[in-house]
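Colleague: Here it is, the structure, as structure tokens.
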Protein chains: 2
Amino acid sequence: MNLPASSNLAPSELAYVPFVSVANIMRLVHHVGIERFLRDLAGHIEADFKRWPEFDKTPRVASHVPGGVIELMPTADDTLYGFKYVNGHPKNTRTGHQTVTAFGVLSEVSTGYPVLLTEMTVLTALRTAATSALVAKYLAPTGAEIMAMIGNGAQCEFQAMAFRALCGINRLRLYDIDPTATAKAKRNLEAQGFEITTCSSAQDAVISAEVITTCTADKQYATILTDNMVGRGLHINAIGGDCPGKTELHPDILRRAGIFVEYPEQTRIEGEIQQLPEDHPVTELWQVMRGETEGRRDAAQLTLFDSVGFAIEDFSALRYVRNLIQGTNFAENLDMLADPDDPRDLFGMFERAAR
Amino acid sequence: MNLPASSNLAPSELAYVPFVSVANIMRLVHHVGIERFLRDLAGHIEADFKRWPEFDKTPRVASHVPGGVIELMPTADDTLYGFKYVNGHPKNTRTGHQTVTAFGVLSEVSTGYPVLLTEMTVLTALRTAATSALVAKYLAPTGAEIMAMIGNGAQCEFQAMAFRALCGINRLRLYDIDPTATAKAKRNLEAQGFEITTCSSAQDAVISAEVITTCTADKQYATILTDNMVGRGLHINAIGGDCPGKTELHPDILRRAGIFVEYPEQTRIEGEIQQLPEDHPVTELWQVMRGETEGRRDAAQLTLFDSVGFAIEDFSALRYVRNLIQGTNFAENLDMLADPDDPRDLFGMFERAAR
């Protein structure tokens, strides 16, 4: 409560920021239905990609700390400003922590006042998956039915759900260096009706797959896929190479692929293409979605989504969640903004709080 | 509640982030006592300035939006990462909003997990005031007793409280272009035992003052002080010139003053010195506090603290508040971090939430 000056002790509406907790995000997604949520979220992302030039864009601000990275990802259009806080600490799982946790804030540009605070660990998994599947809708070979998934950690099932919701893919070939991760993903995904094949190696996993999703967590120049493993006409959805020094693909694959990216200024620092010269040609997805640039060239082309995650995707997710919670009980109000009756009398509000 | 996999439905401790609301920050400051709070906060800021090279520093990330600015201010040492969200919208008061609102987060570097979320509108006023008074302790003329305060908005009383707590200044000469702002500050500060003189102009206010605090809000190249108004041997605490296109002092004053700044890379963009050539000499305050550089040269020198506010001051405030709330009821736990029993089984946690 902000204890305003007036005799009415109810705090001003302006003092409150709606907060969506982890429990409430999960309730909300179940309420909507996860596949519909992923489709609608992808719709918001697609709409925002199609108005790309309207956004204030900057590469995220990364603090590389011992053991990981902490990032702030802001963006804004004319009416809303959003940012996400997200960490990436590959060794966190050893101590029972999540590799990635996140929260986000949406604000009104006209006043600078936050209008939404939400958990974004679950929401990031959903928006990353929705973006991947949205991109695959534009790039994957026609009629793709089988996806290899290399890396079966926290993101895996969300990716699978989105590829089914948006692309109709129901057959998955799973591989992880840790068999317990694969067993976990298999259990969760079979419960969702997926047809699962567990594989003994990455080489095994990619056999017959039309789409390959790589989603591993080690912060190193890893080589999950080598050139000889990847045939023609596939689509690679590369999720895990997303910060400097963290890649998944052998550069030979990159050199023969059509490479599609979110925001080149950020992807050249963080994505698979950090392994290539700075002037290597890439295609921006927003231009593909607007129909200004070609997507997949032909059936034989190897296409690659070099996904790193961009602030506009979080903005879309924040915007979608804000729309969903209007008039519901999926948010609680936090007393986060000091809002004295007289805006210049912050001290007076503070003093009256002592009474 | 995060609804973990185990039959124990209590969420993991890791899911929770302590949140300090506006009401609780006010309770906390009253509990400690505002003058002691300001002194202890200044002590934390001074300690952090003295270990300046240990911090990861970057100019804040500013989004200049119609009507104002929204900024993210991150910094980190080896164990903690902090950032503040803050807006500045000078026209907000016309619609009953605060010009500045803020909140902040402190995280553990080793895991990236947030360990504190707090309102920072009130806390920013306190840390800005504590920093100003701390700097004046190093730079103001010996035995200063009278401070002119030009601009009597939301920051004014906090500045006065800090200058009394740290520098012993109890006599104030107030001026604002809006007499109701001055009346508000007079009322609040007389209740705190200050000796107040209200003045009819900035020229009138500076008469006999040894310290001049300028703290106005208009986003323009304003000239609150001209060169002829400012004598020798004074200390100017310039708070209001803090973003591109927003200054308070005539450049002639800058050219004859000893200029002291927090972080030159940021101050040259945002401070009064944006009016000067990029190579104009300035002194960094952390070096003065470490005794590595001279502060005030002599009794006749005009000293200027070109205050813009730097992320380390917020970091110090977050660190201080986190220490204060340990074992108290000044914080409530927010279910902000998804924390499944198996860190890789985020989807399993999500699915179990449906039951």
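Colleague: Which of the residues that make up the range A:41-66 are assigned to a strand (DSSP E or B) and among the acidic types (Asp, Glu)? It would help to see each step written out before you state the result.
Modeller: In the first step, residues of the range A:41-66 are kept if they are assigned to a strand (DSSP E or B); the result is A:56, A:61-65.
The one that is assigned to a strand (DSSP E or B) and among the acidic types (Asp, Glu): A:ASP56.
Colleague: Spot the failing condition for A:ASP341; the list is (1) at pLDDT 95 or above; (2) within 30 Å of B:LEU126 (Cα to Cα), and only one is missed.
Modeller: (1)
Colleague: Something else about it: Are there any pairs with C-beta distances below 7 angstrom linking a residue in the range B:334-355 that is without any contact (Cβ under 8 Å) to a residue 40 or more places away in the chain to a residue that is among the small types (Gly, Ala, Ser), with the two at least 6 apart or on different chains, and if so which?
Modeller: B:PRO343/A:GLY96; B:PRO343/A:ALA154; B:ARG344/A:GLY153; B:ARG344/A:ALA154; B:ARG344/A:ALA181; B:LEU346/A:ALA125; B:LEU346/A:ALA154; B:LEU346/B:ALA338
Colleague: Within the range A:151-193, how many residues are under 26 Å from A:ASP218 (Cβ atoms), at pLDDT 95 or above, among the hydrophobic types (A, V, I, L, M, F, W, C) and in contact with a Lys or Arg (Cβ under 7 Å, 6 or more places away or on another chain)?
Modeller: The qualifying residues number 2.
Colleague: Which of the residues belonging to the range A:292-307 are more than 17 Å from A:ILE253 (Cβ to Cβ) and hydrophobic (A, V, I, L, M, F, W, C)? Steps first, please.
Modeller: Of the residues in the range A:292-307, the ones more than 17 Å from A:ILE253 (Cβ to Cβ) are A:292-295, A:298-299.
Hit for the range A:292-307 is A:ALA299, nothing else.
Colleague: Condition first: at pLDDT 95 or above and among the aliphatic types (A, V, I, L, M). Now tell me which residues in the range B:255-272 satisfy that.
Modeller: Passing the criteria: B:ALA257, B:ILE259, B:VAL261.
Colleague: Is there a residue in the range A:82-94 that is more than 8 Å from chain B (Cβ to nearest Cβ), assigned to a strand (DSSP E or B) and basic (Lys, Arg)?
Modeller: Checking the range A:82-94: at least one residue is more than 8 Å from chain B (Cβ to nearest Cβ), assigned to a strand (DSSP E or B) and basic (Lys, Arg).
Colleague: Further, regarding this structure: Condition check: buried (at least 20 other Cβ atoms within 10 Å of the Cβ), of a type in the set (Val, Ile, Thr), more than 9 Å from chain A (Cβ to nearest Cβ) and under 18 Å from the mean Cα position of the chain (by Cα). Does B:VAL20 satisfy that? Before you say what the answer is, go through the steps one by one.
Modeller: Numbers: buried (at least 20 other Cβ atoms within 10 Å of the Cβ): yes; of a type in the set (Val, Ile, Thr): yes; more than 9 Å from chain A (Cβ to nearest Cβ): yes; under 18 Å from the mean Cα position of the chain (by Cα): yes.
Yes; evaluated as a whole, the condition is true for this residue.
Colleague: In the range A:302-355, which residues are within 21 Å of the chain's Cα centre (by Cα) and acidic (Asp, Glu)? Steps first, please.
Modeller: Initially, the range A:302-355 is screened for residues within 21 Å of the chain's Cα centre (by Cα), giving A:303-325.
Those that are within 21 Å of the chain's Cα centre (by Cα) and acidic (Asp, Glu): A:ASP306, A:GLU313, A:ASP314.
Colleague: Are any of the residues in the range A:263-278 without any contact (Cβ under 8 Å) to a residue 12 or more places away in the chain and either more than 19 Å from the chain's Cα centre (by Cα) or buried (at least 24 other Cβ atoms within 10 Å of the Cβ) (or both)?
Modeller: Yes - at least one qualifying residue is present in the range A:263-278.
Colleague: Among the listed residues A:ALA133, A:ALA102, identify the single one that is hydrophobic (A, V, I, L, M, F, W, C), over 16 Å from B:TYR85 (Cα atoms) and touching a residue at least 12 places away in the same chain (Cβ under 8 Å).
Modeller: Working: A:ALA102 fails: over 16 Å from B:TYR85 (Cα atoms).
Among A:ALA133, A:ALA102, only A:ALA133 is hydrophobic (A, V, I, L, M, F, W, C), over 16 Å from B:TYR85 (Cα atoms) and touching a residue at least 12 places away in the same chain (Cβ under 8 Å).
Colleague: Being facing chain A (nearest Cβ under 8 Å) and assigned to a strand (DSSP E or B) is the filter here, so list the residues in the range B:101-117 that pass it.
Modeller: Answer for the range B:101-117, where residues must be facing chain A (nearest Cβ under 8 Å) and assigned to a strand (DSSP E or B): B:THR101, B:PHE103, B:VAL105, B:SER107, B:PRO114.
Colleague: Of the conditions (1) exposed (fewer than 14 other Cβ atoms within 10 Å of the Cβ); (2) touching a residue at least 24 places away in the same chain (Cβ under 8 Å); (3) on the phi > 0 side of the Ramachandran plot, A:GLY193 clears all except one; give me its number.
Modeller: With (1) exposed (fewer than 14 other Cβ atoms within 10 Å of the Cβ); (2) touching a residue at least 24 places away in the same chain (Cβ under 8 Å); (3) on the phi > 0 side of the Ramachandran plot applied to A:GLY193, the lone miss is (2).
Colleague: Here is a list: B:ALA299, B:ALA331, B:ALA338. Which entry is in the same structural domain as B:PRO18 (by TED's automatic domain parsing) and surrounded by fewer than 24 Cβ atoms within 10 Å (Cβ to Cβ)? Walk me through how you get there before you give the answer.
Modeller: On the way: B:ALA299 fails: in the same structural domain as B:PRO18 (by TED's automatic domain parsing); B:ALA338 fails: surrounded by fewer than 24 Cβ atoms within 10 Å (Cβ to Cβ).
One residue alone meets the criteria, B:ALA331.
The values are calculated or read from the model by the stated rules, or taken from the named source; none is laboratory data. Remember, it's a predicted structure, so these values are computed and weren't measured experimentally. Glycine also receives a Cβ, built like all others from the backbone with ideal geometry; neighbour counts cover every protein chain displayed.
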